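The values are calculated or read from the model by the stated rules, or taken from the named source; none is laboratory data. None of the values given here were measured: they were computed from a predicted structure. Ideal geometry is used to build each Cβ from the backbone, glycine not excepted, and the neighbour counts take in all protein chains shown.
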Amino acid sequence: MLHLLLFLIFGAICVAGAVNLLVQRHPIQSALSLIVVMAALAGEYLLLGAEFVAAVQVIVYAGAIMVLFVFVIMLLNAAEEEHTAGSRVAMILGVPGVTVLGLLVAWMVVQHSNSPSVSPAALYADPTTHGAPATIGTLLFSEFLLPFEITSVLILIAIMGAVVLAQKPQHGKEEK
Amino acid sequence: MIPLSYYLVLSAILFACGVTGFLIKRNIITIFMSIELMLNGVNLSFVAFAAQWHALSGQVFVFFVMVVAAAEAAVGLAIIISVYRTRETLNVDRVNLLKL
């Protein structure tokens, strides 16, 4: 019962943050509500027995990635967004469409699953569902070693790409 | 005891919010944040299914998704900076030419 209550609280915070992201006009306020969503999602992961994922969610997502976003918003001095004809069309057609789609998916999930229940206590007791850092680490360095190594190459490429893309264009060199 | 479908419904709601933001927002940074919201919604269903099927691979996959999202954020924000440098706007409706 307590777990269900926790789920509902975190879920409500998640949905409120996501809706606030859509409602706010200023990008910095959207970024802050996205941080709220991610922090609340970390709570949901804890309820699912995913300790490691919850920690990484806070450190990488709510920490690193969102700091990058806020940094760029501040750097570019992003102002309130202006509304154009295209955005009004998207608002009129998109919002009802996506709402219907979301409700449809939710209805199908609720109706067509015999809906097994998960209890956090059982998840933490079972080593096949408890995502402790040691377990995830063992899996990462045995079964998923190749993807893990490829990811490090991807990160290296991303670093180089970000540096090349964000540097000032060097006109002097090109003209020579 | 929390029914697993609740997690999937929450994940669907987050994903739908992300799609809506992608459609209605006109600021390129906010659009990018909506994509992150969609990724988060998908991550939640990954973890939920990992709990249901007793497969920790789902959680490892979430880890990979996060790494790719970090790389994507770095490159994407660099692209946004360079777009802003050449066009001096963040509104996607005004960034409609391939060439300056």
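Okay, here's what the table says:
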item: Filtered residue count, the stretch A:111-134, keeping only those that are touching a residue at least 60 places away in the same chain (Cβ under 8 Å), more than 12 Å from A:Leu47 (Cβ to Cβ) and assigned to a helix (DSSP H, G or I); result: 1
item: Lone qualifier among A:Ala121, A:Ala134 - being closer than 30 Å to B:Ala74 by Cβ, more than 7 Å from chain B (Cβ to nearest Cβ) and aliphatic (A, V, I, L, M); result: A:Ala134
item: Which listed residue is within 30 Å of B:Val92 (Cβ to Cβ) and more than 7 Å from chain B (Cβ to nearest Cβ), from A:Ile59, A:Ile65, A:Ile35, A:Ile73; result: A:Ile35
item: First in the stretch A:26-47 and assigned by TED's automatic domain parsing to the domain that holds A:Val70 and closer than 16 Å to B:Leu39 by Cα, second anywhere and small (Gly, Ala, Ser) and not in a helix (DSSP H, G or I), Cβ under 7 Å, 6 or more apart; result: none
item: Cross-chain or 6+ apart pairs with Cβ under 7 Å, the stretch A:149-176 first and more than 17 Å from B:Gly76 (Cβ to Cβ) and assigned by TED's automatic domain parsing to the domain that holds A:Leu75, then at pLDDT 85 or above and of a type in the set (Phe, Trp, Tyr); result: none
item: Residue that is nearest to the chain's Cα centre (by Cα), among those in the stretch A:13-22 that are of a type in the set (A, V, I, L, M) and facing chain B (nearest Cβ under 10 Å); result: A:Ala18
item: Where A:Ala62 falls short, out of the listed (1) under 15 Å from the mean Cα position of the chain (by Cα); (2) farther than 29 Å from B:Leu4 by Cα; result: (2)
item: Answer from B:Phe63, B:Phe32, B:Phe15, B:Phe49 - the residue that is out of contact with any Gly (no Cβ under 7 Å at 6 or more places or on another chain) and not small (Gly, Ala, Ser); result: B:Phe63
item: Test: A:Glu51 is among the charged types (D, E, K, R), more than 7 Å from chain B (Cβ to nearest Cβ) and within 23 Å of B:Val60 (Cα to Cα); result: yes
item: The stretch B:26-36, residues that are surrounded by 21 or more Cβ atoms within 10 Å (Cβ to Cβ) and facing another protein chain (nearest Cβ under 7 Å); result: B:Asn27, B:Ile29, B:Thr30, B:Met33, B:Glu36
item: Within the stretch B:42-56, tally of residues that are more than 7 Å from chain A (Cβ to nearest Cβ) and out of contact with any helix residue (DSSP H, G or I) (no Cβ under 7 Å at 6 or more places or on another chain); result: 2
item: Out of B:Leu77, B:Leu39, B:Leu100, B:Leu23, sole residue that is in contact with a Gly (Cβ under 6 Å, 6 or more places away or on another chain) and either buried (at least 17 other Cβ atoms within 10 Å of the Cβ) or not in a helix (DSSP H, G or I) (or both); result: B:Leu23
item: Odd one out for B:Gln59, checked against (1) more than 8 Å from chain A (Cβ to nearest Cβ); (2) surrounded by 21 or more Cβ atoms within 10 Å (Cβ to Cβ); result: (1)
item: Residues of the stretch A:58-116 classified as under 19 Å from B:Leu39 (Cα atoms) and in the same structural domain as A:Leu34 (by TED's automatic domain parsing), total; result: 13
item: A:Leu8, sole failed condition from (1) of a type in the set (A, V, I, L, M); (2) touching a helix residue (DSSP H, G or I) at 6+ places or on another chain (Cβ under 8 Å); (3) closer than 26 Å to B:Ile2 by Cβ; (4) exposed (fewer than 14 other Cβ atoms within 10 Å of the Cβ); result: (2)
item: Meets criteria (modelled with pLDDT under 90 and aliphatic (A, V, I, L, M)) for B:Ala55; result: yes
item: Test: residue in the stretch B:84-91 that is at the interface with another protein chain (Cβ under 7 Å from one of its Cβ atoms), surrounded by fewer than 23 Cβ atoms within 10 Å (Cβ to Cβ) and under 26 Å from A:Val70 (Cα atoms); result: yes
